[in-house]
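The values are calculated or read from the model by the stated rules, or taken from the named source; none is laboratory data. In this text the structure is predicted, and so the values were computed from the model without any measurement. Cβ: placed from backbone, ideal geometry, glycine included. Neighbour counts: every protein chain shown. These area figures cover heavy atoms from the full protein model, side chains too; ligands, DNA and RNA do not enter into them. Shrake-Rupley method; radii C 1.70, N 1.55, O 1.52, S 1.80 Å.
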Amino acid sequence: MGHEYRGSSKYIASKELMEIVNVAIVLGKPLLIKGEPGTGKTLLAHSIAEALNKKLIVWNIKSTTKAKDGLYFYDTVQRLNDARFGDRDVSDIRRYIKLGKLGEAFVSEEQVVLLIDEIDKADIEFPNDLLNELDEMSFFIPELNEEIKAKHRPIVVITSNAEKELPDAFLRRCIFHYIEFPTPEMMEQIVKVHFPDIETKLIREAIKKFYWIREIDGLRKKPSTSELLDWIKALRIGGVDPERIEREIPFIGTLLKCEQDTQRLERFIMNQRGSYEVKRRFI
Amino acid sequence: MFTGFFYKLREKGVPVTIKEWLSFVEALHLGLFKSSLNHLYYIGRALLVKNEAFYDMFDLAFQEYFGGIQTEDIEIEKVLKWLENPKNGLPPLTPEEMEELKRQKVNIEEMLREFQKRLKEQKERHDGGNKWIGTGGRSPFGAYGYQPGGIRVGGESYMQSAIKVAYERRYKNYRNDLILDVRQIKMALKRLRELKREGEEELDLEGTIEKTAKEGGELELVFRRSRENSVRLILLMDTGGSMLPYTNLCERLFSAASQMEHFKEFRYYYFHNCIYQDVFEDIANYKRVPTEKLFVNFHSGYKVIIVGDARMAYSELFDVNGCIDYFYTNDRPGIEWLKRLREHFPYSVWLNPTPKALWNHPTVNAIRKIFPMFELTLDGLKEAVLALTSKSRQVLT
């Protein structure tokens, strides 16, 4: 293997994650990445593609996605329509077969990075339906009596938000890594990647406050990295003095997205300091 | 190699399979661990553990298996250099350590010779032996690692850090059997589903093709309803005094269940210690609903989860007028109401927030004869959901 993944300019990966990516590439196994929202699961695939200079194919999974959608799609409706109303030749079934994302990755002339994003969104049985395809890196199209086999084993990255648990048989075939929420130090690096010319004091204060909010018990949705980045952006545009962040939380709406959480934070602050003044200032 | 580690993992409850172990061994032979225990920790974990819930158990197994090792990263160049000039490289030994060595009858020179010999052997036997030696070297010399003044090579201590991570047990909170948060409960409850075609209309492709073919090619579109979860759930929660320590846990279960959008219907009622002829809709204003109404309003397809510690005075369960509330009279003992509930709702379970070890109590035992009872942990909840969805009635213990 000529290339080794060492992270990319836009993505901060922990050392162990880099090693695990390389092991997955060498062993040719799909890499399953789990972790809280905003820990950069999806970005990892982009980063691998960028760093190794390979094409990235993204397969976004939705609740209605079926495993077959990734392989190929037989457009029966179009064919029916053509047969009935069109004047196209409908005898060539090949014209109505379109490859899905997995199929696309298989027939590619070069090795690609295939991202199967949010696999847990689909039906519980979905991953099991892909077992053979990911093992053998091939599938069969009965309509054409043809086998599609991977020319180059794609580097497969699968992300999961743990909304559903994945079947054991599927897990056995994967290499698994749980991305922990970044430490404040790592978060500082991440923020700097996005805002290279930002004041360190502002970052530190913002990050301090951010982790303090995350610690509060009972939030329905803890703010994640993307919320922090939005917040810092807002702080910058608003020209907020870092000193002010220590005392209050401007633009709280960018961090907490639901009403209950804002109220929870209010109560928390009031309990902590026991003063009405805080509440007034905070709103 | 490291087969003991495999069994250690199994012993600690990590569900490692042979297939996964084989990929671990493959990685080992390919030199992917780069002769560092740190790599072995992270990559090994990625290969062997497929759920962060088991990270803690992996840590436990790791510290037990590798924890005694004092050596640091074995860097091969340094080892060779040191072998050329053993005197400089040897760490000084204290008299006690010398004694210890003598006691074990290990001659240092012999040890070095052996080490060198094995190093060569391994190089000859394996491609990319450079990398392999470290890990391999660790194993045959692992025993020496325990010895005072054994083979120690300098360099950044990766091993220590891996073991440190293992000792820190940072992943304790991810264990399934310890902590239950709203999201986890939601995930468990998500399995509670029965899909029925009651949803939105969608194109039935196969039906369309069949119909069109029958019509001799005249396009005939067929629609059908999409699948929708048809589960209706009733939650009955004990708010008695003995449940106070578990308030938080029950609240989480409640908020998870009520936040779930995927149930067709969700109802909840409260009770005190035991269920009699009334349940409460709102515990704060004692708004009562006759239990009888549950039987009238809800058909037997409803799934019922009862949450309670099932621990009460004997009379509360078995006696007429046994209710803990002095002003409340019940003509029928609680146990009869419970039996009626079970008869009407065959898909019902009892979740008990107290640990199973404490279940040996007359009223708990009596209730367990009526309802299948599970611990209010993630694992227990999963079993309960399974019991609620299985077609056959749960066999009671």
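Kindly evaluate residue B:226 against the criterion of being assigned to a helix (DSSP H, G or I), over 30 Å from residue B:318 (Cβ atoms) and within 14 Å of chain A (Cβ to nearest Cβ). It would help to see each step written out before you state the result.
Working: assigned to a helix (DSSP H, G or I): no; over 30 Å from residue B:318 (Cβ atoms): yes; within 14 Å of chain A (Cβ to nearest Cβ): yes.
When the stated conditions are applied, residue B:226 does not pass them.
The residue pairs whose first member lies in the stretch B:47-64 and is in contact (Cβ under 8 Å) with a residue 40 or more places away in the chain and within 11 Å of chain A (Cβ to nearest Cβ), whose second member is open to solvent by 10 Å² or more (accessible area, probe 1.4 Å) and of a type in the set (Lys, Arg), and whose beta carbons are closer than 6 Å, counting only pairs six or more residues apart or on different chains, are B:53/B:175.
Answer with yes or no whether residue A:121 is free of Cβ contacts under 8 Å to residues at least 24 places away in the same chain and closer than 30 Å to residue A:230 by Cβ.
Values: free of Cβ contacts under 8 Å to residues at least 24 places away in the same chain: no; closer than 30 Å to residue A:230 by Cβ: yes.
No; evaluated as a whole, the condition is false for this residue.
Count of the stretch A:127-149 residues, restricted to those that are touching a helix residue (DSSP H, G or I) at 6+ places or on another chain (Cβ under 6 Å) and either basic (Lys, Arg) or under 17 Å from residue A:58 (Cα atoms) (or both), is 2.
Quick test for you: out of A:181, A:139, A:176, A:170, pick the one residue that is away from chain B (no Cβ under 14 Å) and in contact (Cβ under 8 Å) with a residue 12 or more places away in the chain.
Details: A:181 fails: away from chain B (no Cβ under 14 Å); A:176 fails: away from chain B (no Cβ under 14 Å); A:170 fails: away from chain B (no Cβ under 14 Å).
Answer to the check: A:139.
Residues that are within 14 Å of chain B (Cβ to nearest Cβ) and either touching a residue at least 40 places away in the same chain (Cβ under 8 Å) or within 16 Å of residue A:32 (Cβ to Cβ) (or both) do not occur anywhere in the stretch A:96-118.
So that you can scan it fast, the table gives a plain yes or no per residue for (1) free of Cβ contacts under 8 Å to residues at least 60 places away in the same chain; (2) more than 20 Å from residue B:273 (Cα to Cα):
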{"residue": "B:291", "(1), (2)": "yes, no"}
{"residue": "B:298", "(1), (2)": "no, yes"}
{"residue": "B:303", "(1), (2)": "no, yes"}
{"residue": "B:309", "(1), (2)": "no, no"}
{"residue": "B:356", "(1), (2)": "yes, no"}
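Whether a residue is closer than 18 Å to residue B:350 by Cβ, open to solvent by less than 50 Å² (accessible area, probe 1.4 Å) and either modelled with pLDDT of 80 or more or not aromatic (Phe, Trp, Tyr) (or both) was assessed, and residue B:263 does not pass this test.
Scan the stretch B:1-46 for residues that are open to solvent by 10 Å² or more (accessible area, probe 1.4 Å), under 19 Å from residue A:17 (Cβ atoms), not aliphatic (A, V, I, L, M) and not in a helix (DSSP H, G or I) and the total you get is 1. Taking the conditions (1) without any contact (Cβ under 8 Å) to a residue 60 or more places away in the chain; (2) within 11 Å of chain B (Cβ to nearest Cβ); (3) among the hydroxyl-bearing types (Ser, Thr, Tyr) in turn, residue A:14 satisfies each one other than (1). In this structure, does residue A:167 turn out to be more than 19 Å from the chain's Cα centre (by Cα) and open to solvent by 30 Å² or more (accessible area, probe 1.4 Å)? The answer is no for residue A:167.
Only residues that are touching a helix residue (DSSP H, G or I) at 6+ places or on another chain (Cβ under 9 Å), open to solvent by less than 90 Å² (accessible area, probe 1.4 Å) and not in a helix (DSSP H, G or I) were counted across the stretch A:228-251, and they come to 5. Cβ-Cβ distances below 6 Å connect the following pairs, each with a first residue in the stretch B:9-20 that is more than 10 Å from chain A (Cβ to nearest Cβ), a second residue that is open to solvent by 10 Å² or more (accessible area, probe 1.4 Å), and a separation of six or more residues or different chains: B:12/B:57; B:12/B:60; B:13/B:57; B:14/B:54; B:14/B:57.
Each row is one residue, and each column tells you yes or no for (1) modelled with pLDDT of 90 or more; (2) away from chain B (no Cβ under 14 Å).
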residue: A:4; (1), (2): no, no
residue: A:25; (1), (2): yes, no
residue: A:35; (1), (2): no, no
residue: A:50; (1), (2): yes, yes
residue: A:77; (1), (2): no, no
residue: A:84; (1), (2): no, no
residue: A:94; (1), (2): no, yes
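In the stretch A:101-118, of all residues being open to solvent by less than 10 Å² (accessible area, probe 1.4 Å) and either outside the structural domain of residue A:50 (by TED's automatic domain parsing) or not aromatic (Phe, Trp, Tyr) (or both), the one that is nearest to residue A:22 (Cα to Cα) corresponds to A:113.
Within the stretch B:328-344, is even one residue over 36 Å from the mean Cα position of the chain (by Cα), closer than 20 Å to residue B:281 by Cα and open to solvent by 10 Å² or more (accessible area, probe 1.4 Å)? Within the stretch B:328-344 (the criterion being over 36 Å from the mean Cα position of the chain (by Cα), closer than 20 Å to residue B:281 by Cα and open to solvent by 10 Å² or more (accessible area, probe 1.4 Å)), the answer is yes, since at least one residue qualifies.
Conditions (1) over 22 Å from residue B:297 (Cβ atoms); (2) open to solvent by 70 Å² or more (accessible area, probe 1.4 Å); (3) free of Cβ contacts under 8 Å to residues at least 24 places away in the same chain; (4) within 12 Å of chain A (Cβ to nearest Cβ), marked per residue:
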site	(1), (2), (3), (4)
B:185	yes, no, no, no
B:208	yes, no, yes, yes
B:215	yes, yes, yes, yes
B:230	no, no, no, no
B:236	no, no, no, no
B:242	yes, no, no, no
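Only a single criterion out of (1) open to solvent by less than 30 Å² (accessible area, probe 1.4 Å); (2) in contact (Cβ under 8 Å) with a residue 40 or more places away in the chain; (3) over 19 Å from residue A:34 (Cα atoms) is not satisfied by residue A:151, namely (1).
Among the residues of the stretch A:64-100 satisfying the criterion of being part of a strand (DSSP E or B) and closer than 18 Å to residue B:208 by Cα, which is least open to solvent (accessible area, probe 1.4 Å)? Going through the qualifying residues, I end up with A:74.
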